[in-house]
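Working notes, structure below.
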Amino acid sequence: MKQKVLGVIPARGGSKGIPDKNIYPLGGKPLIAYTIEAGLKSELLTDMIVSTDSKKIKEVAIQFGAKVPFMRPVDLSTDRALAIPTIQHAVVAYEKIVGFRFDYIIMLQPTAPLRGPDDIDNSLQELIDKNASGIISVVNVGNYHPVKMKTIEGGYLCDLQNTGLENPPRQELPPVYIVNGAIYATKRNIFMEENTFKGKHCLPYVMQDDKSVNIDTVSDFVTAEYYLNK
């Protein structure tokens, strides 16, 4: 029996760094359009919705083929609102509309525009096949390895981790990964009952640098545009 998977795109209207960031133009299209198009091309998503408090974002999302079946409440629309309760609200609200429960939930942030439908489907398939609690996308930190990181204490430079080696070659360090914001998928019951995307057995979905740009600043838009053109 095919699993029922709900994709949720959280797209808050307010943005202090870049006004209307989620619909800011990238490569001739609003930022959110890339995530909507990837979701619509996915073969494993049963349904996909946008959760927003902005009428402007709602209009753009609908223009590119997304569903916006309700508006996000005010208490989940501040810059301090957390992702988990925001997505939980969307799940409960949409399940009331469709009249059934989904088996899996995947959060697709519009700030990760270079994630493709293959990433959505490959990560979901691995999550389902391995019966894990969740799967989250990551990227290798490369030269930003924690062994190379420093703190400043009393005005002096100190190692974050004291390994006894000074400036070791990156090739000799164990690989370390950081969440890239593109994929957060989980079993519905774990997400709703345990308030976590990860659960106890979370898989990594490793992505390359050229698909892992997470938009937060204007320079991130420049980087994303470079990879799009490339």
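Here, each number is a calculation from the coordinates, and none is a lab measurement. Predicted model only: the values in this text are computed from it and were never measured. For neighbour counting, all protein chains shown are included, and Cβ atoms are generated from backbone atoms with ideal geometry for every residue, glycine included.
Details
- Exposure proxy order (Cβ contacts within 10 Å, fewest to most) of Met149, Met48: Met149, Met48
- Packing, as the average of other Cβ atoms within 10 Å across residues, places the peptides 105-116, 155-166, 86-97 in the order 105-116, 86-97, 155-166, highest first.
- Relative to the longest principal axis of the Cα atoms of the chain, the long axis of helix 83-98 lies at roughly 20 degrees.
- Compactness of segment 104-162 was expressed as the Cα radius of gyration divided by 2.2 N^0.38 Å, which yields 1.74.
- Pairs of alpha carbons in segment 145-192 separated by more than 14 Å make up 66% of all such pairs.
- For peptides 213-220, 185-192, 32-39, sequence by mean Cβ density within 10 Å, most packed first: 32-39, 185-192, 213-220
- Looking at the chain, the DSSP beta bridges with both ends there are about 50 percent antiparallel.
- Order by protection proxy (mean Cβ within 10 Å, highest first), peptides 195-201, 136-142, 20-26: 20-26, 136-142, 195-201
- The loop-placed trypsin sites (Lys or Arg not before Pro) in segment 34-87, going by DSSP, that have at most 15 neighbouring Cβ atoms within 10 Å of their Cβ come out as Arg80.
- For Glu153, Glu59, the sequence from fewest to most other C-beta atoms within 10 Å is Glu153, Glu59.
- Mean-position separation - Cα centroids, segment 100-164 and segment 1-76, in angstrom: 21 Å
- Each 10 Å bin from 0 upward holds the following percent of the Cα-Cα pairs of segment 110-230: 12, 31, 30, 22, 5, 0.
- Hydrodynamic radius of segment 48-193 per Kirkwood, over alpha carbon pairs, in Å: 18.4 Å
- Between Ala83 and Asn167, residue separation times 0.36 nm minus the direct Cα-Cα distance comes to 26.6 nm.
- C-alpha long axis of helix 218-229 to longest principal axis of the chain, angle in °: 80 degrees
- Net charge contributed by nearby residues that have their C-beta within less than 15 Å of Gln161 (K/R +1, D/E -1): -1
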